[in-house]
Structures are given as C-alpha cells and as structure tokens.
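Here the structure comes first, spelled out in structure tokens, and everything after it is commentary.
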Amino acid sequence: MNARMTMQAHATNYLSERRRLGFGLRSTGYTVMSFARYIDDLNSQEPLSIEIMADWARKDKGNSGKPSTWARRLKKIRAFCRYLQQFDPRTEVPDDTIFGRIGQRLAPHIYSEQEIIDLLAAAHKLDSFIPGLRGATYETLFGLIASTGLRVSEALHLLDLDVDLKLGMLTIRQTKFAKSRHVPMHPSTVDVLRQYQLQRNCHIEVSDETPFFVGARGRRLGLPLSMEQVHRVFISLRNQLGWINRGAHNGPRIHDLRHTFVVRRVLLWQAQGLDVDQQMLALSTYVGHTNVTNTYWYLTGIPQLMALAAEKFEDFTQLPGACHD
C-alpha cells in the first residue's frame, strides 16, 4: 500500500468513484470510513489481512457480540477491499466463512385479494379535520403500492410533477439505488389517482413541487407524509382488521404489498402459459431491482411460488446433458 496515502484517502476516493456511478452508499459509506479510520489508527505497515478486518468487525458501535452483525460489517467493506487490491495485491477480501453467512431473507406475508380490499375500506374510513381527505389519502396510497409494487418511500416522495395522469405514468426519481425509472399504471389506478388529486386540490394550494400524498390534520395539511406517520396508521389498521400473519416477520407489513404485487404477476404469467424467464427482466426493471437475481428470489423464497421453482428444476433435469448424479 502506498505509505504516503492514508486509508481514509483511499476510502474517500473509492466512495467518490462509486457515487459518480450512481450508488448512494449512505450506510456503506459510513462503514467504509469507520474501517479506514481504524486502519489508519493502527499505523501498521502490514498488508490488510482477514484477521485485522475481523478485529475491526468485532468492535461494532453497539457492542452487540453478534457474529451476524460482524458479518454484515465485513460484507460492507468487501468491495472496498477488492478496490484496494489494485494498490496492494496482498490485500485480502473477507468472505462468508469468517462469521458465517448473514441471515436469509424472511418470507413476507402475501396478501389475499380480500385482505387488500379490507385494508383499503378501513383506510377510507379514517377521520380527519377535513372530512374524507385523510381516508382518501391512505386508501389511495396503499392502493397505489398494491397495484404498482412501489416501495413505500417511493410513493411518499412522489410530487405532482411526477404523476402524469394523461399518459398514466409515474416518474420515480433517485430511488433506493440512486436510479430513476418510469412506471406505467393501469387505467383503473389512474382513475383513482385523478379522483384523489381533485379532492386534495380543493383544500391546498398546488404547484409542481406539491407532494402528491399530503397530510390532512391541522398543521400537517398539505405537507408530505412521513414514514413514521404512515407506518403508525398501517399498524393501527392491521390491528383493527386482525389478520393472521402468514409471513416470517412479526406481522404483515406495508412492504408486503410490494411483495404481493410481484408474486401475483408471476402467478398470472404462469396461468397464462407465458415463459416466466422471458418476463422476469421486465418485471425487475418495473419494480426497480438493481439485479434480476433479486426478482428471481421470489421463486424460491415465497411458498406460493415454490411449486413453480420445482417445476423449472424438473424441466432442467430433463434437458440433454443435465447431470443426474
């Protein structure tokens, strides 16, 4: 490693380079800089080894004592270590064998059609200072997520200029992975958004920068909805409806509406006899996954699609030359 260049300088250059490519790296950036400061404080002339990285990982801020936490810290510096190998090929890269693999993704709650209907009906009845506006806001918000698979944050960040009701198109700007995309909507979804917009515009001043979904209570009238507000309302409705949890999380979540959208789409393609593999890239782009492998996870991670995954594997084993050991 070039002794005249600190590890923090390498980290700064690495993060700048990645961010120019469109990566947000908010959490990862903090972790990489923490690691760089630790290495600089050691003032060692030795190449970066797995042992040094493991020692740093064990010193997590919360003193958790959990190997899974240490494994996550190492995972966040893995790409940085590969970057450093161009300056010192002796730099080692941590893998999953040190503290074990990070826990697998938990299966979500896949909503039935009736559960979504009940959720929207319950949201519609929410009270507010302005009759009907709060209920319409949450009914439309949850309905939009269910019908397009948006992330909750993406829906809450929509501005009026991002919602083109003439073309039936949403513009999702600077998403989770610092990328933007266009999301076409079904005409029935467009009609509901139009009705909500007309109702909302009767009570607030509107510009292109107006949040599409707005608060309806007192000082919050016309202001953006916060994530905390939305989750608080959802949990209240969830408790009121008394759903039986079919996922591996503590209870059904708003984010599970997104999971449900993906699962229903794949099941529909299967029922229509379409080649699911040919459709997956389009679906991955539509929902904003950075890698199509994140979309393929549903085939093995969701009970409703396990049969499809098994069927695909069975088809594979029938191919000429497939291994049958």
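The values are calculated or read from the model by the stated rules, or taken from the named source; none is laboratory data. As the structure is a prediction and not an experimental result, all values here were calculated from the model. With ideal geometry, Cβ positions are generated from the backbone for all residues, glycine too; neighbour counts draw on all protein chains shown. Quick note on the areas: whole protein, heavy atoms, side chains included, nothing else; ligands and nucleic acids left out. Shrake-Rupley method; radii C 1.70, N 1.55, O 1.52, S 1.80 Å.
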Original post:
How far is it, in nm, from the label point at T293 to the one at A9 when both lie 7 Å from their Cα along the line to the Cβ?
Top reply: 3.5
Subject >> Answer label for percent of Cα pairs over 28 Å apart (calculated), chosen among (i) 55; (ii) 42; (iii) 33 >> reply: (i)
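Tally Lys and Arg at +1 and Asp and Glu at -1 over the other residues with C-beta under 14 Å from the C-beta of K125: what net charge comes out? Each step should come with its number before you reach the end.
Numbers: positive: R134; negative: D118, D127, E139.
Once all neighbours under 14 Å are counted, the net charge is -2.
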**OP:** Would you kindly find the accessible area of T6, with a 1.4 Å probe and non-protein molecules such as ligands, DNA and RNA excluded, rounding to the nearest 10 Å²?
**Re:** 70
Original post:
With the contact rule set at Cα under 8 Å and sequence spacing of 6 or more, what percent relative contact order holds for segment 97-172?
Top reply: 16
Subject >> Prolate/oblate/rounded call for segment 102-213, Cα gyration tensor, a/c under 1.5 rounded >> reply: oblate
Original post:
If you roll a 1.4 Å probe over the heavy atoms of the protein chains, what accessible area per residue do you get for the chain, in Å²?
Top reply: 56
**OP:** With a point put 7 Å past each Cα toward its Cβ, work out how far K166 is from K59 in nm, to one decimal.
**Re:** 6.0
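Hand me the chymotrypsin sites (Phe, Trp or Tyr not before Pro) from segment 142-215 located in a DSSP loop with no more than 15 other Cβ atoms within 10 Å, in residue order please. Before the final figure, lay out each step's value.
Details: sites: F142, F177, Y196, F212, F213; in loops: F177, F212, F213.
Within segment 142-215, the qualifying chymotrypsin sites (Phe, Trp or Tyr not before Pro) (loop, at most 15 other Cβ atoms within 10 Å) are F177.
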Original post:
Points 7 angstrom from Cα along the Cβ direction at D40 and R105: gap in nanometres?
Top reply: 3.7
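Which of rounded, prolate or oblate describes segment 1-81 when judged by the alpha-carbon gyration tensor and an a/c cut-off of 1.5?
Working: a/c = 2.07, a/b = 1.11, b/c = 1.86.
Taking the square roots of the gyration eigenvalues as a ≥ b ≥ c, segment 1-81 is oblate.
Of the chain, which part is the longest with no GluC sites (Glu not before Pro) in a loop (DSSP not H, G, I, E, B) and with at most 15 other C-beta atoms within 10 angstrom? Don't jump to the answer; show the numbers that get you there.
Working: sites that count: E92, E205, E209.
Between exposed loop sites, the widest span is 210-325.
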**OP:** Determine the share of the chain's accessible area contributed by carbon and sulfur atoms, expressed in whole percent, with a 1.4 angstrom probe.
**Re:** 53
Subject >> Accessible-area ranking of M33, M227, largest first, probe 1.4 Å >> reply: M227, M33
**OP:** For L159, enumerate residues with amide H under 5 Å from its amide H, sequence gap 5+ or separate chain, H modeled in the peptide plane.
**Re:** F212
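Which of rounded, prolate or oblate describes segment 101-168 when judged by the alpha-carbon gyration tensor and an a/c cut-off of 1.5? Can you show the working numbers first?
Details: a/c = 2.05, a/b = 1.35, b/c = 1.52.
Judged from the Cα gyration tensor, segment 101-168 comes out oblate (a/c at least 1.5, b/c at or above a/b).
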Original post:
Can you give the FRET efficiency for L198 and E17, using 1/(1 + (r/R0)^6), R0 = 45 Å, r = Cβ-Cβ distance, to the nearest 0.05?
Top reply: 0.45
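Loop by DSSP (not H, G, I, E, B), at most 16 other beta-carbon atoms within 10 Å: where is the longest site-free stretch of the chain for trypsin sites (Lys or Arg not before Pro)?
On the way: sites that count: R4, K59, K61, R90, R101, R105, K125, K166, R173, K176, K179, R217, R246.
Between the exposed loop sites, the longest stretch runs 247-325.
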**OP:** Given the options G288, G143, G273, state which has the largest fluctuation in a GNM of the chain using a 10 Å cut-off (strictly under) for Cα springs.
**Re:** G273
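Given Cα pairs under 8 Å that are at least 6 residues apart, what percent is the relative contact order of segment 151-261? Please list the in-between numbers first.
On the way: 100 pairs, mean separation 28.2, N = 111.
Computed over segment 151-261, the figure is 25 percent.
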Original post:
Under the definition of Cα pairs under 8 Å and six or more residues apart, what whole-number percent is the relative contact order of the chain?
Top reply: 16
